[in-house]
Ligand code: SF4
């Protein structure tokens with residue numbers, strides 16, 4: 001029998017660590033973005049006592065019946081996991097998702113947990129391997145679906161190697177691992193060789209050591225590049241090892257860095273790249289003024305990736321949101337021409353003063369149809385302060401101003 005439903009609602013379970021070290025148990029990880037009170041928990045807070053599986057499956061049955069009747073959560077309506085699929089009425093788990101959230105070997109500039117001293121690297125209280133073995137022994141767990149890991153850094157999860165090997169030995173067809181790539185996992189190398197759909201995402205976000213350090217705040221660019229290379233060489237489907245580039249304003253939002261990232265990825269033998277933007281640009285209204293700049297970078301990255309004979313991964317959430325923004329504002333983007341012009345003298349003006357000046361004009365003119373800036377620079381400035389002028393060009397691009405020098 002077929003029905004439009006979600007495989008995680010049908011047969012999924014998601015264990016996630018809470019800040020206090022306890023676990024919470026849900027159907028899928030995407031639901032984390034729903035308000036806490038609207039999230040359908042299977043167990044709100046697991047404190048190490050025995051799980052009442054009958055009660056848990058009763059909750060799953062209720063939820064899956066709602067889905068089968070077309071009652072979806074808002075977040076599910078546009079989710080690519082909501083699909084017409086074969087269903088059965090048995091109670092078992094075939095999709096296991098694990099997230100321990102806090103443990104990490106980097107401290108990315110855009111990570112919420114990394115900013116929170118109480119959560120970053122908070123200890124893991126419960127081991128998941130005994131629970132997984134219990135599920136296997138009770139015939140609750142079937143190895144016909146997927147094993148999925150979520151952040152922090154999954155390879156630091158206690159028993160990560162044993163858990164992964166258990167699934168690989170039992171012929172799981174799908175593994176998903178987002179990882180920093182700093183720690184190369186032997187079990188994941190084995191998974192790459194054996195699991196048909198072994199998908200590994202590594203956010204390297206840079207094309208050199210220096211930029212990597214600024215974003216990740218650890219010195220590990222070459223280690224990560226080596227992990228990408230090792231996983232790609234071992235993978236049955238080389239294009240399932242994906243190097244990701246999350247754009248961060250003021251650090252890696254320029255063509256040169258994108259070029260270096262593509263070149264190093266190609267050298268490492270990768271076939272698929274993912275270009276993304278940092279979360280806050282599509283969630284924080286005050287960052288809307290940067291979206292045109294990010295759109296331009298996205299277009300550039302995609303063109304260069306194709307030119308390098310590599311493929312683009314399209315399942316990148318924030319780029320999809322940026323794309324939606326571009327569709328919603330299609331008319332404005334097409335008719336976004338400078339409204340008049342302003343002459344600005346750069347003499348005695350620092351970059352910071354220029355950036356502050358631009359900010360003021362943006363506030364006065366919205367992000368659309370901003371006036372063209374005619375920058376007045378002396379001959380000497382143009383000749384001897386090339387770096388300064390390059391930075392001004394960058395600032396203008398960031399705010400999507402048309403600029404010219406007079
Ligand atoms: S449809 Fe998407 S958001 Fe909804 S339960 Fe499935 S995976 Fe989660």
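Per-residue ellipticity at 222 nm, computed for the chain from helices alone with -39500 (n - 2.57) per DSSP H run of at least four residues, works out to -11500 deg cm²/dmol. Mind checking the angle between helix 351-365 and the chain's longest principal axis? C-alpha axes, 0 to 90 degrees, to the nearest 10. For helix 351-365, the angle is close to 80 degrees. When you work out D = kT/(6 pi eta Rh) for the range 162-224 at 37 °C and 0.692 mPa s, using the Kirkwood radius from C-alpha pairs as Rh and the Stokes-Einstein form, the result is 257 µm²/s. Between the helical axis of 386-398 and the longest alpha-carbon principal axis of the chain there is an angle of about 60 degrees. A crude spin-label estimate for the pair residue 334 and residue 41, with each label 7 Å from Cα along the Cβ direction, gives 5.0 nm. Distance between the 7 Å Cα→Cβ label points at residue 55 and residue 89: 2.5 nm. Among 100, 283, a tally of other beta-carbon atoms within 10 Å of each Cβ gives an order, fewest to most, of 283, 100. As a calculated quantity, the FRET efficiency between residue 214 and residue 362 at R0 = 22 Å, using C-beta atoms, amounts to about 0.30. Annotation: the range 1-199 has a Kirkwood hydrodynamic radius of 17.5 angstrom, from the mean reciprocal C-alpha pair distance.
Give the peptides 145-158, 163-176, 39-52 in descending order of average Cβ contacts within 10 Å, highest first.
Ranking the peptides 145-158, 163-176, 39-52 by packing returns 145-158, 163-176, 39-52.
Looking only at the range 380-406, which residues have a backbone nitrogen under 15 Å from a spot 7 Å from the Cα of residue 372 in the C-beta direction? Under 15 Å, as judged by backbone N against the label point of residue 372, lie 401-406 of the range 380-406. Could you tell me which of rounded, prolate or oblate describes the range 312-406, using a ≥ b ≥ c as the square roots of the eigenvalues of the alpha-carbon gyration tensor, with rounded for a/c under 1.5 and, failing that, prolate when a/b is larger than b/c and oblate otherwise? Because a/c hits 1.5 or more and a/b exceeds b/c, the range 312-406 counts as prolate.
Efficiency by 1/(1 + (r/R0)^6): what FRET value for residue 186 and residue 343, r their Cβ-Cβ distance, R0 = 51 Å, to the nearest 0.05? After rounding to 0.05, the efficiency reads 0.20. Note on the chain: Kirkwood radius taken over Cα pairs, Stokes-Einstein applied at 25 °C and 0.890 mPa s, translational D equal to 104 µm² s⁻¹.
Which whole-angstrom value gives the distance between the alpha carbon centres of the range 258-286 and the range 296-319? For the range 258-286 versus the range 296-319, the Cα centre distance is 8 Å. Over the range 326-368, the hull volume per residue, using the convex hull of the C-alpha atoms, is 87 Å³.
Helix 221-234 axis versus longest C-alpha principal axis of the chain: approximately 50°, rounded to the nearest ten.
Counted over the chain, the DSSP beta bridges are approximately 25% antiparallel. Working ranking of peptides 394-405, 354-365 by packing, defined as the average number of other Cβ atoms within 10 Å per residue, highest first, is 394-405, 354-365.
Bear in mind that the values in this text are calculations on the coordinates, not laboratory data. Computed from a predicted model, the values in this text were never measured in an experiment. As a convention, Cβ positions derive from the backbone with ideal geometry for all residues, glycine included, and neighbour counts pool all protein chains shown.
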